[in-house]
Amino acid sequence: MFKFLILLIVLSFTINTIAQTGVDLGLNKKKDFISIKKLDKNEREIIKDYFITDNDTLVNLKNELTEAELKLFCSCYTNDSLVKKYKKAVFYYEWNDDKLQKSNQWNSDIKVYFAPSIPRNVRTKFIKFYNPLNTINNLKIDFVKNIEDSNYVIKVSNTIIPNLTIRDNKYDETHPLSKISYSMLTDKTRKFYAGTMQIDLDNLDDKSLLLPKLKQVFFLSLGSFIINKSFSETSLVSSQYINSETISIEDFELIKMHYFKIYDQLVSAFKIDELVQTSKSICKNE
Amino acid sequence: MNKHSKVLFLLFSFLFVFGFSQDPKFKNKKIYVSKENFKRKFEASDSLGNIIIGKDTLIEVLSHPDLEGIPVRYEYKDSTFLEEYKKVAFQLYHKDSADTKTMKYWKTPIKIYFSEGMDKKVIKNIMSFTKEIEGAVDSLNISRVKNINEANYFIYYDDDFQFSQKLEKYRKSDYSIYWNKKSQIYKGYMRIIRKRMFSNKLAQEKIKDLFFGSLGWFKRSHELGCNSYFSNCYSENKQMSEFDKQLLQYHYSYGICKGTTKLSFEAQHKRHKKSLKDGRTDIYIINN
């Protein structure tokens, strides 16, 4: 009887978290036509388009938030200080107030491969540092031993990566983007599906910078985030980042907000402002 | 004119290429073509007379060797499906153009040659994908050849021998296909940039995606989910969904006219659907 009760509680919790809310934020508009035979009773209630084939009916469902997604959305978008930081990290507001700037996300599992030239102790610390991010929905970071299984390579550069060339020369190799670079492959909706990070280890005078640089640039590459002075020194987005053992709460919240949903559309700064407005009307009871 | 002849004549007057067949269904039927088509395809001596329907003059002809084909019953699809099909099958001239370029398709078997730099596991994965496509579409025949001279489709890396000068200029992995005047594709090249597609996993996903696109010079849709091969976005879970199969099967169905532009495709469907609505069930399409 007790086991039965536990099962009932688990089931009701599961049903509750995947239940639809009737809230569509317009972040996912693409159609996925699937067989009507695969739908459960609840899903049959949210059919949007359909067409009939010779031996089946293919349907496209509405893209409503689940209860869990709505809860997460509300906790992020009604937090003014988080929203402010988020916009600074995702868009170039300091230099450009263009509301059409777009955000970037990974829409596939990240499979990181370290080239053998990256020291083992650095790899171990890096993996330990990033493992907690796997608790975030829609973001999965794996570390693979074979490059053929990877879509993200971290390696030592075989060409010189120049220092940042700043007029007054106030940035040296301690700047997060000095002697290191990353490049990403994106599709037409600004979704990342592969990346490469290279560090000029030979020319890095202070080798203790290797780990914080890798950690910081990897974090930036999770959303093409912008290095920012206004973030605290414990944040990986800060230009003054001080190496830390664990990821800060600030960064954790930032990445959770960024991956609360994988958008199948281009999402602009304007859209983020719109979501903030929407949250004010739909999150009153959340 | 009897009922069958009327339906046939409507088809012949409208479509670019139509003909007489040896199929018993078409024996003892009169064949009419529009004046424009007659001028393009026939000699004056081919005329057996003409009739006037409304404002159109139609000319009766006998069979013509170039126009022989197998008649296939017109394949009906509902408007939701046709709207999705049009979005992927027809490439625009430019974003504001009313009409499109013609749809393209493979008429001959596709014989793929993989360059020596291509990993065996990748080739195996690609060939298993092509088997899946063949299974879905009867008229597509895809095989691997090891002799370059037998191939009409070349897949290679940017650091292998370069089969296509055109692709050499591209910074990104891409394909290039060639077609004849009937919009039938007869040759294809695909070049993968190794530095970008640095793992087998990435390379095989890119090859499958590009290969699928090259089966009909498909325009990727921004409205379809990323798991669809017709979608413009990436997914590591791309697979031939039932919907992808339906669209591909339809593209290769002989129950629709091949090599048309979007406007003529729409006009044909409008007429055929009207004919069906009027109770006619014997609409046949002949593709050469």
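The values are calculated or read from the model by the stated rules, or taken from the named source; none is laboratory data. These numbers were taken from a predicted model, which means no experiment stands behind them. Here Cβ is always computed from backbone atoms with ideal geometry, including for glycine, and neighbour counts include all displayed protein chains. Heavy atoms of the whole protein, side chains included, go into the accessibility calculation; ligands, DNA and RNA do not. Shrake-Rupley method; radii C 1.70, N 1.55, O 1.52, S 1.80 Å.
What the table shows:
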read-out	value
In Hz, Karplus ³J(HN,Hα) per residue of region A:198-204 (6.51, -1.76, 1.60; θ = phi - 60°; x = Gly, Pro)	10, 10, 8, 5, 4, 8, 7
Gain on full stretching of the segment that runs from residue A:148 to residue A:233 - 0.36 nm per residue minus C-alpha separation	27.0 nm
Calculated [θ] (222 nm, deg cm²/dmol) that DSSP helices of n ≥ 4 give over chain A, each run adding -39,500 (n - 2.57)	-9500 deg cm²/dmol
Heavy-atom accessible area per residue - region B:68-193, 1.4 Å, Å²	54
Rounded to whole Hz, the Karplus (6.51, -1.76, 1.60) HN-Hα couplings of region B:83-92, x for glycine and proline	4, 5, 4, 4, 5, 9, 8, 10, 7, 6
Label-point separation in nm, residue B:42 to residue A:43, each point 7 Å along Cα→Cβ	5.5
Shielding of B:42-49 by partner chains, average beta-carbon count, 10 Å	0
Derived scalar couplings ³J(HN,Hα) [region A:54-59; Karplus, 6.51 cos²θ - 1.76 cosθ + 1.60; whole Hz; x for Gly, Pro]	4, 10, 7, 10, 9, 10
Region B:129-288 - Debye-derived log10 I(q)/I(0), Cα point model, q = 0.12, 0.15 Å⁻¹	-0.63, -0.94
Most mobile of A:192, A:252, A:33 in a GNM of chain A (Cα contacts under 10 Å)	A:33
Buried area at the A-B interface (accessible, heavy atoms, 1.4 Å probe, summed, Å²)	2400
Label point distance in nm, residue A:56-residue B:145, each placed 7 Å from Cα along Cα→Cβ	3.4
Packing-based order for B:187-194, A:203-210, B:130-137, using average beta carbon neighbours within 10 Å, highest first	B:187-194, B:130-137, A:203-210
Listed residues A:235, A:35, A:108, most fluctuating in chain A (Gaussian network, C-alpha, under 10 Å)	A:35
Listed residues A:130, A:50, A:193, most fluctuating in chain A (Gaussian network, C-alpha, under 10 Å)	A:50
Loop-located trypsin sites (Lys or Arg not before Pro) in region B:74-103, at most 12 other Cβ atoms within 10 Å (DSSP)	B:95
Given charges at beta-carbon only (K, R positive; D, E negative), |dipole| of chain A in Debye	200
